[in-house]
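The values are calculated or read from the model by the stated rules, or taken from the named source; none is laboratory data. Not measured: the values here are computed from a predicted model. No Cβ is skipped: glycine too gets one built from the backbone with ideal geometry, and neighbour counts run over all protein chains shown.
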Amino acid sequence: MMKSLFRVVLIAGLCLSAAACVPLKNTAGTAAPSARARGAAAPGVPGVYHTIRPGETLWSISRWYGVDLQAITAANTLESSCAISAGTRIFIPTERGGPQPAAAGSGNWRFVWPYRGTVASCFNDYRHSVRNKGIDILAKPGAMVAAAATGTVVFVSDNLRGYGKTVIIQHPENLLTVYAHNEENLVKLGESVRQGQYIARAGSTGRTNQCLVHFQVRKSNKAQNPLHYLP
């Protein structure tokens, strides 16, 4: 019964909040603000400044400093950022100063891109007055889609409303990743998958007129900006 309830929560969370439940057009959504030249601390807020290095993500930085990711994005107005590049100076709201050894050693795993392609729509872009709760990556029909991190397949559907063929993988730290609009799902419910393993073929099932990899990251089933997790 708990597994059934978990599946219902997943489906409800996806279909009530994601732009993939409405048709997509070929035009990109509303441009997201640039992440560069942010890092302005609010008056009286303690913290330190950090310059992003190649290969770092906001998620890895948050773990390094032991600071909640949402606190960092809010402090730097990065919630909807579509590009966060090396050299960007950001403010870390913390009273503990530099990186925290315990937090830095809490886990060395990280995400990889499910498919390398052009991001056609970013997190929180508007699509027909609905916010996108993931990113949409242009792909070639039938291209292989990989698991962004090691985990367990907790949901597989051939016809999820708005998304078509969809796979959801559960990871440590209450994180989920979603892969939708697939041409073919290659994994089964309950299957353990490793990072980089092919789990689907890219397609245009569901409500889209393009071949896309719709990718979401969810923490405690709340949508996160995937670009904060991807290198």
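What to note about this one:
- When the test is whether a residue is closer than 25 Å to R110 by Cα and part of a loop (DSSP other than H, G, I, E, B), Q170 does not pass it.
- When T208 is tested against the conditions (1) of a type in the set (S, T, N, Q); (2) within 24 Å of G55 (Cβ to Cβ); (3) more than 13 Å from the chain's Cα centre (by Cα); (4) crowded, with 20+ Cβ neighbours inside 10 Å, the lone failure is (2).
- Scanning segment 61-77 for residues that are surrounded by fewer than 18 Cβ atoms within 10 Å (Cβ to Cβ), closer than 17 Å to Q224 by Cα and in contact (Cβ under 8 Å) with a residue 24 or more places away in the chain yields one hit, T77.
- Residue count, segment 139-156 (criterion: under 24 Å from E56 (Cα atoms) and not small (G, A, S)): 2
- Within segment 176-231, the set of residues being in a strand (DSSP E or B) and β-branched (V, I, T) comprises T177, V178, V193, I199, V213, V217.
- Which listed residue is modelled with pLDDT under 90 and either outside any strand (DSSP E or B) or surrounded by fewer than 24 Cβ atoms within 10 Å (Cβ to Cβ) (or both), from N159, N124: N124
- Of the candidates G142, G105, G164, G97, the single residue that is modelled with pLDDT under 90 and at positive phi is G97.
- Search result, residues across segment 148-162 that are over 16 Å from the mean Cα position of the chain (by Cα) and of a type in the set (S, T, Y): T152, S157
- Residues in segment 62-79 that are more than 19 Å from E173 (Cβ to Cβ) and either hydroxyl-bearing (S, T, Y) or modelled with pLDDT of 85 or more (or both): A74, A75, N76, T77.
- Segment 184-231, subset hydroxyl-bearing (S, T, Y) and touching a residue at least 60 places away in the same chain (Cβ under 8 Å), residue farthest from R116 (Cα to Cα): T208
- Given (1) under 30 Å from V213 (Cα atoms); (2) at pLDDT 85 or above; (3) in contact with a strand residue (DSSP E or B) (Cβ under 8 Å, 6 or more places away or on another chain), index of the condition C82 fails: (2)
- Checked against (1) over 17 Å from the mean Cα position of the chain (by Cα); (2) surrounded by 23 or more Cβ atoms within 10 Å (Cβ to Cβ), V167 passes all but condition (1).
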